[in-house]
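Beneath this line is the structure, given in structure tokens, with notes to follow.
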Amino acid sequence: MGPPQYPAQCSADQEPRRRFRLRRCLLKGCERKFRPCYPQVRFCSAGCHAAARRWRRWHAAEQYRASTQGKERRRAQSQRYRERRRQQAATQAASAAVTAPADVSSPCQPQREGQRPGQVLGNFVWRACRRPGCYELFAVQARSPGQHFCSCLCRQALRRVLDREAHWQRRHRRRRTQPVRSSRPPCDSS
């Protein structure tokens with residue numbers, strides 16, 4: 001195993017050789033300024049990094065639920081749940097009929113499951129914002145089908161990070177592809 005890529009950075013006993021510029025944490029709600037130890041760091045602390053990991057799992061689940069296979073599995077899950085509830089209600093009613101006489105004075109309310117919105121205003125597609133830590137769902141309208149962010153601030157924050165990382169990648173790719181110059185002059189064999 002070779003030496004670390006950034007050996008002197010962030011060590012307690014030495015001053016870092018190279019200091020990166022201050023940047024903002026990408027996680028929505030944190031947005032603190034911090035000085036990163038490595039060039040591709042997006043979050044200010046381990047807590048923000050863990051919160052972003054939780055958000056990624058939530059976002060992946062939202063995308064899966066929006067797919068046709070996810071909807072089909074959810075529908076099957078709901079059917080199994082309703083069948084279990086019917087069986088439980090039947091067994092409870094049978095055991096209650098055996099143990100006590102039926103009480104006619106109290107009307108029995110049917111059990112309801114879940115909550116549905118009162119009124120859906122149109123045929124919208126609901127999407128989750130792509131900024132880490134943003135759990136907002138927004139309606140994608142017909143005039144902007146490629147919308148991926150709930151607000152301009154979320155879009156600008158992620159664009160700023162992606163532009164910075166692309167610039168860093170271009171700069172380092174150029175360094176790797178440039179030929180190594182020799183300090184000796186070329187030899188003349190004439």
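The values are calculated or read from the model by the stated rules, or taken from the named source; none is laboratory data. All values derive from a computational prediction rather than experimental measurement. Note: ideal-geometry Cβ built from the backbone for every residue, glycine included; neighbour counts use all protein chains shown.
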*Look at A61 and say whether it is modelled with pLDDT of 85 or more and either on the phi < 0 side of the Ramachandran plot or among the acidic types (D, E) (or both).*
yes
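Yes or no, residue by residue, for (1) farther than 30 Å from F43 by Cβ; (2) at pLDDT 65 or above:
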site: E83; (1), (2): yes, yes
site: A90; (1), (2): yes, yes
site: V98; (1), (2): yes, yes
site: C108; (1), (2): yes, no
site: G118; (1), (2): yes, no
site: Q141; (1), (2): yes, yes
site: F149; (1), (2): no, yes
site: R164; (1), (2): no, yes
*Residues E72, E31: which one is surrounded by 10 or more Cβ atoms within 10 Å (Cβ to Cβ), out of contact with any His (no Cβ under 9 Å at 6 or more places or on another chain) and not in a helix (DSSP H, G or I)?*
E31
*Select from the stretch 149-164 the residues that are free of Cβ contacts under 8 Å to residues at least 60 places away in the same chain and surrounded by 15 or more Cβ atoms within 10 Å (Cβ to Cβ) and list them in ascending order.*
F149, C150, R155
_Restricting to the stretch 49-61, give me the number of residues that are surrounded by 15 or more Cβ atoms within 10 Å (Cβ to Cβ), touching a residue at least 60 places away in the same chain (Cβ under 8 Å) and not small (G, A, S)._
2
*Consider W168 carefully, then state whether it is in a helix (DSSP H, G or I), at pLDDT 75 or above and under 29 Å from the mean Cα position of the chain (by Cα).*
yes
*Is it the case that some residue within the stretch 16-28 is under 22 Å from A166 (Cβ atoms) and either of a type in the set (S, T, N, Q) or assigned to a helix (DSSP H, G or I) (or both)?*
no
